[in-house]
Amino acid sequence: MELLLTLIVGFFIVIGVLIGYFEKNNNKFNALSIGLAFGVIITLVLGEILPESYEILIEEIQEYAIILIILFIILGITILKLLDFFIPHHEHEHKHHHNCQNKCHTEHLTHIGIIASIALILHNIIEGMTLYVTTTTSIEAGLLLCLGIGLHNLPLGFIISTTLKNKKEIVWTTILVSISTFIGGLLMLAISSIISNLLVGILLTITLGMLIYISVFELLPQIINSNDKKYSLIGIISGILILLISIALG
């Protein structure tokens with residue numbers, strides 16, 4: 001049952017990718033989905049990952065928890081910044097770049113898709129570990145957590161299909177991101193007797209830094225420079241509401 005739930009959660013990513021893929025050429029939908037992604041990630045950071053990582057670390061190392069959280073957030077941000085050197089060149093879209101506006105916009109979306117997928121894979125692995133442990137403790141709690149995770153995985157799938165343009169990239173990224181929760185469940189099954197809460201807390205905090213980087217330095221500029229800010233705002237509000245509902249259910 002535990003591993004089955006981690007597989008089910010991954011299918012929500014696939015559904016989100018399919019919805020986003022068939023609407024990706026719609027500029028208003030793109031603005032909506034980028035806003036949705038921003039709302040989802042910000043709420044995920046503030047409403048779920050930060051409190052959870054703080055709770056784990058404060059229990060494990062007490063007065064040094066805040067210092068460790070800050071250090072590993074910086075590490076997560078630094079990791080994604082360093083990844084810029086290995087990811088195709090990209091530019092934020094500005095209105096005065098008439099001669100390369102579409103090309104720069106596409107390159108930047110691809111960049112966001114790559115680094116967001118890396119962060120989501122790490123996040124989903126940890127989430128799969130959490131779901132596995134929760135379900136072994138209580139099947140009812142595991143089912144509710146599965147529904148909650150699934151709801152916020154749905155708009156996360158939009159990020160992949162909206163930002164990546166190459167079909168092969170979309171397919172392979174979708175596979176990797178959707179099975180990452182299952183991989184987390186398998187890892188917990190294999191190492192549940194030796195893994196420490198401190199390590200889980202550290203991984204969560206690194207993921208936190210990655211998601212902060214994506215939302216503030218990648219998605220936010222896209223929203224600011226969007227020509228459809230009304231749809232971006234609707235997306236942000238919708239993303240926040242979806243995550244709040246999923247957290248409440250979880």
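Computed from the coordinates by the stated procedures, all read-outs in this text should not be read as laboratory data. Not measured: the values here are computed from a predicted model. Cβ placement follows ideal geometry from the backbone for every residue including glycine, while neighbour counts extend to all protein chains displayed.
The convex hull built on the alpha-carbon positions of region 147-230 has an orientation-averaged projected area of 7.6 nm².
Sorted fewest first by neighbouring Cβ atoms within 10 angstrom, T136, T43 come out as T136, T43. Per-residue Karplus couplings for region 31-46, computed as 6.51 cos²θ - 1.76 cosθ + 1.60 with θ equal to phi - 60°, are listed in order as 5, 4, 6, 5, x, 4, 4, 4, x, 5, 5, 4, 5, 4, 5, 7 Hz, Gly and Pro entered as x. A Förster radius of 51 Å combined with the Cβ-Cβ distance from L75 to K168 puts the calculated FRET efficiency at roughly 0.95.
Between the beta carbons of Q62 and K229, assuming R0 = 30 Å, the FRET efficiency works out to 0.10 to the nearest 0.05.
Taking 0.36 nm per residue of separation and subtracting the Cα-Cα distance, full extension of the segment from F11 to L241 would add 80.7 nm.
Pairs with C-alpha atoms separated by more than 27 Å, drawn from the list K81/K165; K165/K229; K167/K230; K165/K230; K28/K167, are K167/K230. Put a dot 7 Å past the Cα of I195, heading toward its Cβ, do the same for A248, and the two dots end up 3.0 nm apart.
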